[in-house]
1. So if I check each of F78, F47, F87, which one is hydrophobic (A, V, I, L, M, F, W, C), over 16 Å from the mean Cα position of the chain (by Cα) and modelled with pLDDT of 90 or more?
2. Out of the residues in the range 92-126 meeting the condition of being assigned to a loop (DSSP other than H, G, I, E, B) and within 30 Å of Y183 (Cβ to Cβ), tell me which one is most open to solvent (accessible area, probe 1.4 Å).
3. Could you count how many residues in the range 167-203 are over 22 Å from L45 (Cβ atoms) and open to solvent by less than 10 Å² (accessible area, probe 1.4 Å)?
4. Name the residues in the range 127-184 that are hydroxyl-bearing (S, T, Y) and either out of contact with any Gly (no Cβ under 6 Å at 6 or more places or on another chain) or assigned to a loop (DSSP other than H, G, I, E, B) (or both), would you?
5. Filter the range 59-89 for residues that are buried (at least 22 other Cβ atoms within 10 Å of the Cβ) and among the β-branched types (V, I, T) and give the result.
6. Can M140 be described as among the hydrophobic types (A, V, I, L, M, F, W, C), free of Cβ contacts under 8 Å to residues at least 60 places away in the same chain and in contact with a strand residue (DSSP E or B) (Cβ under 9 Å, 6 or more places away or on another chain)?
7. Can S206 be described as more than 17 Å from F47 (Cα to Cα) and polar (S, T, N, Q)?
8. Just one of the numbered conditions (1) at pLDDT 90 or above; (2) under 24 Å from Y207 (Cβ atoms); (3) within 15 Å of the chain's Cα centre (by Cα); (4) charged (D, E, K, R) is not true of D119; which one?
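The values are calculated or read from the model by the stated rules, or taken from the named source; none is laboratory data. The structure presented is a predicted model; accordingly, all values stated were derived computationally and were not measured. Virtual Cβ from ideal backbone geometry, glycine too; neighbours counted across all protein chains shown. Heads up: the accessible areas ignore ligands, DNA and RNA and are worked out on the full protein's heavy atoms, side chains in. Shrake-Rupley method; radii C 1.70, N 1.55, O 1.52, S 1.80 Å.
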Amino acid sequence: MNNYEFTEIKSLVTDKIPEKADVVIISQPTHDYSEDELDMLDKYLEFSAEQKKTVMYIGSSSQANLPNLNEFLSEWGFSVVPQNTVFETETSNYSYYPTNAMMTVKAENGYSDNISRKDYLYIANNIVPVIAKQPNDRTMKTVLEISSSAVAVPNDAGEDFTIENAEVKGPFVGLGVSEAKKYDDNNDLMSSSVIMLGATDFITSSYNSFAEVGNIEMLGVVIDTV
């Protein structure tokens, strides 16, 4: 995508993040991160006058609870509800099945200005609920939002569970960006950012084969803009 070169980092314990890496992608992790691994991410995201640094997190409703990694994301404005799945209650907001949630563009986010089509559909399946919260020292923007008619359904919900008694309700973040900014001694702006995607399905789903679906283009614009 967008002529990026990819390097696999098998472990942050044994491998170092390449100094010139523009984006570090964490996709549907299977284990929680240690304090040392999170320190490495924090150091990678430290301000640099030469290069913007970005971490992109791609979640999934099926992944385990990862309290350390979730705390890291929370500090950037993304509160993950682990072991839950986004379930749309309004038929107009999903495709075929309530877990195939449609997302809407937040008009004030600024990223959609560079999208080639204004009538794109944005959709994914098996989305982990992510609640937006504004961090103190960063600016968090929801780019694509899942509506307030959506709820979080626990993956281990019993037969007595009903949508009406769902404890966590939307809106949720489908795609979001949180940025930290400061000026150096020369008054040049430095920044680092974390991109949140609520589902791996957002980029791998067969929906992306349809011309009317803009998932990949929107994500590309966000990566190129931060």
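1. F87
2. Looking at residues that are assigned to a loop (DSSP other than H, G, I, E, B) and within 30 Å of Y183 (Cβ to Cβ), I get K106.
3. Residues meeting the conditions: 4.
4. T139, S147, S148, S149, T162, Y183
5. Answer for the range 59-89, where residues must be buried (at least 22 other Cβ atoms within 10 Å of the Cβ) and among the β-branched types (V, I, T): V80, T85, V86.
6. no
7. When the stated conditions are applied, S206 passes them.
8. D119 satisfies every listed condition except (3).
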